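What follows is a single structure, written as structure tokens, with notes after it.
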Amino acid sequence: MENFTPIASTAGGLMIGLAAAIILLVHGRIAGISGILGGLLMPKADRFRFQLAFVAGLVVTGTAGVALVPDAFAFGISRSTPALIAAGLLVGYGTQLGRGCTSGHGVCGIGRFSKRSIVATCTFMAAGGLTVAAITRLFGGSV
């Protein structure tokens, strides 16, 4: 297994869970990225400031992280631009179809014991595993 980092991964997961819990407790909102970002595209007055601040926080902290520790964010992509665009569109469609994304269902929904989120997360994981198996074993590619 490449790049196995159990301590860093556990710390990151704990920070994500803590942030999701704080947002729920302080703002009464679910930290689902697709819903927050989608809300900016069709704004509602009572949520717009929160959604804008949340997305801005993601952009600012990501940009700061790259500036401060560029090696931590280095990665390579071996896919064509059309493949990446298709993948992005499929993810967007899937989040609409599933009424949420991995952060909304997987982190926030499971943490609230939502049956719908548990089913959705199991579905994401199964589909992801099958996709990796198909790409690597059937089509000879790499993920």
Among 94-100, 77-83, how do they line up by average Cβ neighbours within 10 Å per residue, starting with the highest? 94-100, 77-83
For the chain, which longest stretch is free of loop sites, where a loop site is one of the chymotrypsin sites (Phe, Trp or Tyr not before Pro) that DSSP puts outside H, G, I, E and B and that has at most 15 other Cβ atoms within 10 Å? 5-74
Let me make sure I get this right: for region 6-138, a, b and c are the square roots of the gyration tensor eigenvalues over alpha carbons, sorted descending. Under 1.5 in a/c it's rounded, otherwise prolate if a/b > b/c, else oblate. Which is it? rounded
Calculate how steeply helix 45-68 sits against the longest principal axis of the alpha-carbon atoms of the chain, using the helix alpha-carbon long axis, and give the answer as 0 to 90 degrees to the nearest 10. 50 degrees
Once both label points are put 7 Å beyond Cα along the C-beta direction, the T131-A11 separation in nm becomes 2.9 nm
Most exposed first, judged by fewest Cβ atoms within 10 angstrom, H27, H105 run H27, H105
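The numbers here are math on the coordinates, done by the rules we state, and not lab data. Quantities reported herein were computed from a predicted structural model and do not represent experimental measurements. Glycine also receives a Cβ, built like all others from the backbone with ideal geometry; neighbour counts cover every protein chain displayed.
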